[in-house]
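Right, one structure below, let's go through it.
The values are calculated or read from the model by the stated rules, or taken from the named source; none is laboratory data. Predicted model, so just to flag it, every value in this text is computed and none were measured. Here the Cβ is made from the backbone with ideal geometry for all residues, glycine too, and neighbour counts use every protein chain on show. Heads up: the accessible areas ignore ligands, DNA and RNA and are worked out on the full protein's heavy atoms, side chains in. Shrake-Rupley method; radii C 1.70, N 1.55, O 1.52, S 1.80 Å.
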Amino acid sequence: MNEFVELADWFGWRAPHEPVVVDSLPTPTFTVKDRPRVSFSTNNYLGIATSPRTKAAATRGIKAYGVGNSDSRLLGGNLALYGELERKIARSNGKSHAILFATGYLTNLGALSTLPRATQIARVFGFTASREYSYAYFSDEYNHISIREGMRLSGARRYSYHHLDLDHLETLLRRSTATSKIIVTDGVFSQDGDIAPIPDLLRLAERWDALVYVDDAHGTGVLGACGGGVVEHFKAASERLIYMGTLSKAYGSIGGYIAAHELITEVLRMACPAYGFTATLPPDQAMVISTAIDVVRDEPERRQRLWDNQRYFVKRMAELNYKLVATETPIVPIWLGDEAKAEQLALAVREEGIHVDAIRFPAVPIKSARLRIQLNAGHRRADIDHLVDVLRRHQHLAEPARRFVAASRDRLGYSGQWRPANAPVCAENSDSAMLVMKTAKNRS
C-alpha cells in the first residue's frame, strides 16, 4: 500500500473524489440539484440520445429481448439483429464488413492488441506461417489513451510521431524493418479538435506498404456530407484502411465497431478476446444504434444546426482575445496554458449556469491547459451568446499570443514524456504510469 499512499499524497487525493451528481443528462440542457444548466462539454453532438425515434427503438428492443445479453456472440448470444447491424454499419462506411464491440474503448483495446498477435494465437491451434512476421505501430503522439493502451498490450514495437508531422512519420516508416506496419491516428483529436490528414496518411501507407487505423470517435456521425465521418469528409477509400467508430457520441448509444476488409474483421472475430470473451451489447441498444444511423441520414437538419452553431461560436470568439487551438470541428478548445487559470475560468463559467470542462495534464501536456468547448445541435444562439459574454468578462485570463505559439511547438506529448526538439528518432520503450507522473512533476 505504501506506493499508493505516496501517490495519493503527491496528487492530493487523501480525501475521496466526489464528482458532480447530475439529475439529468445533457441534451445539451440538464439539471444539477434541480438547477438548470447548459452543457458545452457533451459528446451527444446531435441530441440523438433523446430522439423520440431512438427512445421508441429502445422500448421495442426491451419488450422483445429484455434488458441485456448475458452471453458471448461466439456462444449463445448471437442474435440476428447484431449481424444485420454490422452489415448496415459496413455499408454506411463503404466497407465490406464490420464487427461490433461493447464499448469504443474496448474496441481499440481489443483490436489493436490482437492484430499483431493473431498468428501467435493461431499457432495454438496448429497454424504455421510461411514466414516470420514482425509488427510495428506508428502512432500520432496525441492519440487517445485507449489507442496507446491497445498498442502496448499487443507487444509490438511502437513508434510515436510528432502530432500531424508526416515528415517525421515517413522517417520512422523508412527506418523500420518490420514486415507489417500499422499507422494509427485519431480522426478528430479529442483535446485539440483538429483533423488527421487521412489522404496523406493513406499515400504514405501505400508507399511503405502499411495499414492505416483511424479512430474516428468524434467524427462519426458529425463529419462528411451525410455524417459518414472523417473518411467521407475526405472522400477517402482504401483497402488499407481500418476504420474504428464509436457509438456513444453522435449516435447517442453505447459501443464501438471496426469496419474493414472482411479478412481483418474475421481475424478479430475469431482471435480477439475483447470480442469473444465478453457479453455483447444489450439487444435494445443494437436496435437504438440501427435507428440512430437512420436518424443521421434522415434528419440532416441536426448536423446543419450543429455546424451553424460551430461557425457562429467561432465568429463570436474572433471578437475576444482568447486563442483557439482549432476551429475545424465542433470541438473548439480555448487555450489558457496555465492550469490554475483554466480551472479559474471553468469555475467562473459554471457559476453562470454553463458547464464546461477544464482540460489539463495528464489529458494534455503540462502548461497546455484549455477549456474544451463542444458545440451541439441543441444549443440556442442565446446559449452561445451567454457563454461568449462570460468569457468576455474574464479575458484577463487569456494567454499572450507568443506563449500560445511557443507552447504549440513544445515537444511534450500527451504521454507526458519530454522530448527535446533534436531528440533522436526511437521507439517508445516505457509506458510506466509512474515514470510519466514523475517526469511531469519534475518539469512542473
Any residue at all in region 100-108 that's open to solvent by 30 Å² or more (accessible area, probe 1.4 Å) and not in a helix (DSSP H, G or I)?
yes
Please go through region 198-239 and give me each residue that is touching a His at 6+ places or on another chain (Cβ under 9 Å) and either open to solvent by 20 Å² or more (accessible area, probe 1.4 Å) or without any contact (Cβ under 8 Å) to a residue 24 or more places away in the chain (or both), ordered by number.
GLY224, ALA225, GLU239
Tally, over region 360-381, of residues that are closer than 29 Å to ARG302 by Cβ, of a type outside the set (D, E, K, R) and open to solvent by 20 Å² or more (accessible area, probe 1.4 Å):
2
Considering region 169-201 alone, what residues qualify as being closer than 30 Å to ILE373 by Cα and not in a loop (DSSP other than H, G, I, E, B)?
LEU169, ILE183, VAL184, THR185, ASP186, VAL188, ILE195, ILE198, PRO199, ASP200, LEU201
Residues in region 234-288 that are part of a loop (DSSP other than H, G, I, E, B), among the hydrophobic types (A, V, I, L, M, F, W, C) and within 27 Å of VAL188 (Cβ to Cβ) total 7
Is there a residue being open to solvent by less than 50 Å² (accessible area, probe 1.4 Å) and over 18 Å from MET244 (Cβ atoms) anywhere in region 136-150?
yes
Name the single residue that is surrounded by the most Cβ atoms within 10 Å (Cβ to Cβ) among those in region 279-318 being more than 19 Å from THR27 (Cβ to Cβ) and among the small types (Gly, Ala, Ser).
ALA286
Would a scan of region 31-52 turn up a residue that is acidic (Asp, Glu) and in contact (Cβ under 8 Å) with a residue 12 or more places away in the chain?
no
All but one of (1) more than 30 Å from ARG297 (Cβ to Cβ); (2) assigned to a helix (DSSP H, G or I); (3) touching a Phe, Trp or Tyr at 6+ places or on another chain (Cβ under 9 Å) hold for ASP23; state the number of the condition that does not hold.
(2)
Top-ranked residue in region 142-168 [being in a helix (DSSP H, G or I) and charged (D, E, K, R); ranked as nearest to LEU115 (Cα to Cα)]:
ARG152
